[in-house]
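A short write-up of the structure that comes next.
Readers should treat all values here as calculations from the given coordinates under stated rules, not as data from a laboratory. Not measured: the values here are computed from a predicted model. All Cβ positions, glycine included, derive from the backbone under ideal geometry; neighbour counts span all protein chains shown.
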């Protein structure tokens with residue numbers, strides 16, 4: 001159970017709000033949602049589900065100069081696509097305009113708000129700094145009656161934009177700069193997408209947000225960490241107005257490698273035509289992920305695995321791709337597609353003959369059925385599946401070598417025809433063994449290579465777009481102020497292949513249909529550019545799973561669900577003796593052992609420790625309602641610590657906290673090996689955070 005659910009569980013036990021749980025997802029409609037918002041969506045709607053509560057969808061639409069109906073429509077589509085339903089609870093902060101205005105009048109009457117004539121620049125100057133208190137505005141002590149009159153005239157449109165604001169009257173010397181008389185209302189002559197021109201003053205987010213939560217009866221207002229310093233202001237408005245008190249709880253936002261999450265920077269990519277719109281399949285927007293072929297289930301699984309933490313971290317995109325592969329591997333039908341065609345002629349196959357092979361859509365799911373794949377004398381195989389002079393361990397087609405055609409026959413290469421001018425291989429000639437129909441030899445002989453293929457006579461032509469990561473570095477924003485994030489754009493983030501050959505079963509494939517192109521990766525029909533007559537496929541993700549490879553660098557032998565390091569390689573007798581000496585330690589009794597409190601923990605954050613080349617900073621949830629910081633000397637083995645996020649580890653929780661140069665370490669994680677071969681001990685699915693290890 002994460003720390004937010006622990007808080008809510010305690011509130012329910014204490015009878016707060018009568019045991020009711022009501023959350024909300026409150027986007028501002030000024031851009032398209034991205035994968036970071038998906039984490040918030042899954043968290044808010046997931047909490048409502050887990051506690052039999054409710055979750056609203058509310059648009060915080062109080063800034064008409066940046067908001068648009070296009071964004072509202074896209075957000076509604078995104079949340080529904082992710083699998084969540086707000087039922088009849090779709091709200092807009094602009095619908096509360098009259099209540100917000102009346103509450104502002106109430107604060108003026110209580111002497112808690114005033115109209116200020118300072119310019120925006122003067123307000124910044126009067127505000128002070130982190131080390132110096134602010135100065136009172138010369139308009140701070142205006143009479144209540146005058147403030148009310150001026151506020152009414154602001155609403156009536158008598159003043160120009162920026163000439164006056166309404167400010168909360170709190171404390172200009174507060175150490176929290178958000179409490180230094182923040183602006184509540186500003187004059188803004190802009191047409192609103194819902195209210196038109198009926199208003200020329202608009203509330204600021206820090207005022208509209210808590211009041212909107214209160215009006216909707218939100219019990220737990222879950223926000224990202226940048227609003228932690230705003231919580232005192234959130235509470236101040238609710239307390240001074242004496243209205244329903246919602247509780248604000250902050251969590252760490254999601255940052256993902258090889259992309260950017262800033263709306264401003266994403267907008268820059270769109271406006272500068274670096275990408276082809278908000279739904280470009282390379283974008284981290286939900287619209288872009290959907291168009292590329294991501295599944296809602298994989299995104300929900302990813303958000304569940306990374307969990308909820310109290311400190312921002314950078315999560316490896318390989319984990320998201322791993323979740324995607326797991327889902328697609330189970331549900332995507334297999335088909336054969338040739339990206340870079342090379343013609344194969346089977347010389348001893350009858351020229352006019354065509355036969356069909358019944359090939360299953362999925363090797364492990366008979367329920368998916370099968371399709372009939374035509375076979376003829378001329379075929380296409382991948383250009384990369386032939387080498388005239390094969391390198392070592394190349395087991396595909398080459399002169400004199402026999403290979404298997406998937407589900408069909410064994411063939412042997414007899415000749416390669418080249419372009420006389422360029423020397424480029426143009427056509428391969430082969431013979432086939434008719435006794436190997438179906439892909440097996442009656443004499444049980446084995447072949448090392450199996451190739452996918454498409455009948456040239458029956459093949460359809462399609463465009464395939466090979467998408468890759470948008471940036472070449474993990475953190476394009478964190479490369480230093482001297483660099484522009486656009487310097488790290490991946491020039492090969494998309495490669496378009498226009499003459500690919502696909503098997504005829506794909507004729508008429510529906511938009512967003514997902515497939516595994518055998519031996520190539522997972523692909524989806526583009527919903528925007530593909531037509532019945534001209535199919536376009538987007539590569540969703542490759543077959544190669546870098547996350548699984550990362551996992552293989554972790555321990556591989558498993559005992560009762562615990563991953564243990566593999567045995568070291570054979571050593572000389574001298575070095576073996578040294579190893580035995582190293583592990584020669586005094587025996588302990590069972591009484592000594594039981595003093596150790598070993599628990600399952602989940603790594604919520606993992607990052608290098610600045611200033612140290614040995615330490616990794618981990619935040620670990622061990623199920624006790626708080627997040628522990630553990631400083632672990634594992635940097636040599638985990639140069640990219642983000643791969644540990646979401647892993648279940650073994651933690652010594654009753655180890656006395658140790659104050660180190662880089663902070664307090666509150667426990668120890670178990671690992672095996674040393675140096676760059678060290679591996680953290682992890683557990684399989686099953687045990688939960690806080691479960692005792694014995």
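Extending 7 Å from Cα along the Cβ direction at residue 691 and again at residue 495 yields two label points whose distance is 4.4 nm. Rounded to whole Å, the principal axis extents of the Cα atoms in segment 96-238 read 41, 38, 27, largest first. Packing-based ranking of 190-202, 54-66 yields 54-66, 190-202, ordered from highest to lowest mean Cβ neighbour count within 10 Å.
With a cut-off of 8 Å between alpha carbons and a minimum separation of six or more residues, what is the relative contact order of segment 282-387 in percent?
Worked out over segment 282-387, it gives 23 percent.
Distance from the Cα centre of segment 71-124 to that of segment 275-332, in angstrom? Value for the Cα centre distance between the two parts: 30 Å. To the nearest ten degrees, helix 205-215 and the longest principal axis of the Cα atoms of the chain are 90 degrees apart. Full extension of the chain between residue 660 and residue 158 gives 174.6 nm of extra length, using 0.36 nm per residue less the Cα-Cα distance. Between residue 441 and residue 424, the contour length at 0.36 nm per residue exceeds the alpha carbon distance by 2.8 nm. Convex hull volume per residue, computed on the Cα atoms of segment 337-452, equals 123 Å³.
By the count of neighbouring beta-carbon atoms within 10 Å, fewest first, 376, 189, 455, 491 end up ordered 491, 189, 376, 455. The fewest-to-most ranking of 537, 662 by surrounding Cβ atoms within 10 Å reads 662, 537.
Placing a label point 7 Å from the Cα of residue 597 along the Cα-to-Cβ direction, the residues of segment 635-661 whose backbone N falls under 20 Å of that point are 649-659. Among (1) 0.98; (2) 1.12; (3) 1.05, find the value of Rg/Rh (Cα atoms, Kirkwood Rh) that was calculated from the structure presented, and write down its label. Computing Rg/Rh (Cα atoms, Kirkwood Rh) and matching it to (1) 0.98; (2) 1.12; (3) 1.05 gives (3). Take the Cβ atoms of residue 542 and residue 588, set R0 to 51 Å, and the FRET efficiency comes out at 0.55.
In plain terms, the chain from residue 414 to residue 105 could stretch by 102.2 nm, reckoned as 0.36 nm per residue minus the Cα-Cα distance. In percent, rounded to a whole number, the relative contact order of segment 96-205 is 26, using alpha-carbon pairs under 8 Å and six or more apart. Segment 136-185 to segment 585-655: how many Å between their Cα centroids? For segment 136-185 versus segment 585-655, the Cα centre distance is 50 Å. Distance between the 7 Å Cα→Cβ label points at residue 77 and residue 146: 5.3 nm. Classification of segment 199-307 by its C-alpha gyration tensor yields a prolate form. The axis ratio a/c (a ≥ b ≥ c) is 1.5 or more, and a/b outweighs b/c. When shorter helices are ignored and each DSSP H run of at least 4 residues is given -39500 (n - 2.57), the per-residue value for the chain at 222 nm works out to -7000 deg cm²/dmol. R0 = 51 Å: FRET efficiency of residue 482 with residue 173, Cβ-based, nearest 0.05? Calculated value: 0.85. Normalised by the number of residues in the chain, the mean separation of alpha-carbon contacts (under 8 Å, six or more apart) gives a relative contact order of 10 percent. For the pair segment 659-694 / segment 441-482, the C-alpha centres are spaced 37 Å from each other.
Kirkwood analysis of segment 586-670, using all unique Cα-Cα pairs, places the hydrodynamic radius at 13.5 Å.
Remark: spin-label model distance residue 136-residue 672 equals 7.0 nm, labels positioned 7 Å along the Cα→Cβ axis.
Look at 593, 471 and count the other Cβ atoms within 10 Å of each Cβ; fewest to most, that gives 593, 471. Between residue 534 and residue 353, the FRET efficiency from the beta-carbon distance, with R0 = 25 Å, is close to 0.25.
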